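Here is the structure we will look at.
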Amino acid sequence: MATGTPIPVEEYLRTSWRPDRDYVEGELLERQLGERVHGGAQRELMFRLASRYPQLRKRLFPAQRVQISGSRFRVPDVCVLAENAPDEQIVRTPPLLCVEVLSKDDTLESLWDRIEDYFAIGVPVCWIVDPIGRPGWIATPNHLDKVTDGILRADDIEMPLAEVFE
Amino acid sequence: MPIVTIPVEEYLATNYQPDCDYVDGELVERNMGEQSHGRVQLRIGAWLYARESRLRIRGLVEVRLQINPRRFRIPDVMVLPIDAPREEIVSTPPSLCVEILSRSDSLESIWDRIEDYFAIGVPACWIVDPIGRRGWIATPNHLDKVTDGILRAGDIEMPLAEVLE
């Protein structure tokens, strides 16, 4: 959801919002409304991924700004960086995985716009999880597949959906 | 919209404007009467109507579709085979259902709706985004963005550009 008057990218880059916001062509876009179920799923994803894959622990980031272009920044709920990713304050190297936890105001349009931005910079796969209805989806460029066997997958990474909602 | 729970008999006897889905006792709002939604709905209906004889289909706009005794959905557009029974409330699985996105449609709400269509045997659904000017073809558990500009379902091939404004 857009939050009012367009601002220059320099202002976005030097400002801290809580929770942080996407920046798309001058507009600030709200990502989530601080809902407890959203935060809980985000937290469990981080903890469970780190405990199943200790080698990922230092490459897992919650709400990390990812630069899509000079005027576009997205903040995935969780992202997993590549093993050899450079140490960037704002991530510009495509993450291996971006995860979006749905909030009640997320529309299909806004969600698709966001994952298309990830794919545009070379992110190979995104997970989408719904903490209310508890389904999950695996998104790849132009495709969205509902998880039917209870496992979110991204290359060698596997995460049982049930663990995310515990 | 606040949750409104009513008996199925009341839903079936009531005329809502715009009509509402009925899901296990709850009335569920479908769209907010937006112009972009209505225009694309009209254009898709007109596109299909012009081809009904050739494709041997019947298009229906905003007609109640019974999923089970306590669940009714109203696809924005649906397509039935030309020889399907003429039911006032459709219970024969359509060959295609089309949903046009409204500003507030979430992934969960759209997915819930198309899963109901698939549950009764609808083979394919189209989802059209009149603002983002894009479309998807949904099959059970999958959603594929249209990348060549053509929405397909059996013999029906509809160029997106012909129905978007």
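The numbers here are math on the coordinates, done by the rules we state, and not lab data. None of these values were measured; they are calculated from a predicted model. We place every Cβ from the backbone using ideal geometry, glycine too, and count neighbours over all the protein chains shown.
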**Request:** Would you kindly state the longest site-free stretch of chain A, with sites defined as trypsin sites (Lys or Arg not before Pro) in a DSSP loop (not H, G, I, E, B) surrounded by at most 14 other Cβ atoms within 10 Å?
**Result:** A:1-91
**Asked** What percent do you get for the relative contact order of chain A when only Cα pairs under 8 Å and 6+ apart count?
**Response** 17 percent
**Item:** chain B: relative contact order in percent, alpha carbon pairs under 8 Å with at least 6 residues between
**Value:** 16 percent
**Fill in**
Projected onto the charge dipole of the protein assembly as shown (unit charges on the beta-carbon of Lys, Arg, Asp and Glu, signs +1, +1, -1, -1), the Cα from B:Pro7, B:Ile67, A:Leu97 with the largest positive-side position is that of A:Leu97
**Förster-model FRET efficiency, 41 Å R0, A:Gln55 and B:Asp155, C-beta, rounded to 0.05** = 0.20
**Complete:** Along the dipole axis of the protein assembly as shown (charges at Cβ: +1 for Lys and Arg, -1 for Asp and Glu; origin at the Cα centre), the most positive-end residue among B:Pro94, B:Val122, A:Gly150 is A:Gly150
**Complete:** Within 10 Å of the Cβ of an average residue in A:103-111, the count of other chain Cβ atoms is 6
**Request:** Using DSSP, restrict attention to beta bridges with both residues in chain A and report what percent are antiparallel, rounded to the nearest 5.
**Result:** 85 percent
**Message:** Please give me, ordered by residue number, the GluC sites (Glu not before Pro) of segment B:60-97 that lie in loop per DSSP and have at most 12 other Cβ atoms within 10 Å.
**Reply:** B:Glu88
**Request:** Specify which residue in the list A:Ala162, A:Ala120, B:Gly132 is farthest towards the positive end of the charge dipole of the protein assembly as shown, using unit charges on the beta carbon of Lys, Arg (+1) and Asp, Glu (-1), about the Cα centre.
**Result:** A:Ala120
**Message:** If I take every Cα pair under 8 Å that is 6 or more residues apart in segment B:1-86, average their sequence separation and divide by the length, what percent do I get for the relative contact order?
**Reply:** 27 percent
**Complete:** Partner lysines whose C-alpha sits under 17 Å from that of A:Lys146, ignoring same-chain residues fewer than 8 away, are B:Lys145
**Complete:** FRET efficiency (B:Arg39, A:Lys146; Cβ distance; R0 30 Å; to 0.05) is 0.50
**Message:** Full-extension gain between A:Arg48 and A:Leu13, please, as 0.36 nm times their residue separation minus the C-alpha to C-alpha distance.
**Reply:** 9.5 nm
**Asked** How many angstrom lie between the C-alpha centres of segment B:122-161 and segment A:84-109?
**Response** 27 Å
**Request:** Calculate the dipole size of the protein assembly as shown relative to its Cα centre from +1 charges on Lys and Arg beta carbons and -1 charges on Asp and Glu beta carbons; express the result in debye to the nearest 20.
**Result:** 400 debye
**Request:** Please sort by residue number the trypsin sites (Lys or Arg not before Pro) in segment B:1-97 whose DSSP state is loop and whose Cβ has at most 12 other Cβ atoms within 10 Å.
**Result:** B:Arg56, B:Arg86
**Message:** Given a Förster distance of 35 Å, report the FRET efficiency between A:Asp155 and A:Asp105 from their Cβ-Cβ distance, rounded to the nearest 0.05.
**Reply:** 0.70
**Complete:** Within segment B:24-57, the residues whose backbone N lies under 17 Å from a label point placed 7 Å from the Cα of B:Glu165 along the Cα-to-Cβ direction are B:32-47
**Asked** In nanometres, what is the gap between the two model label sites at B:Ala13 and A:Ala82, each 7 Å from Cα along Cα-to-Cβ?
**Response** 6.6 nm
**Projected label distance in nm at B:Ile82 and B:Trp47, using a 7 Å step from Cα toward the beta-carbon** = 2.1 nm
**Prompt:** Of all the Cα-Cα pairs you can form in segment B:4-162, what percent are over 26 Å apart?
**Reply:** 21 percent
**Request:** Kindly provide log₁₀ I(q)/I(0) values, in the same order as q = 0.17, 0.26 Å⁻¹, from the Debye equation applied to equal alpha-carbon scatterers of segment B:59-141.
**Result:** -0.64, -1.41
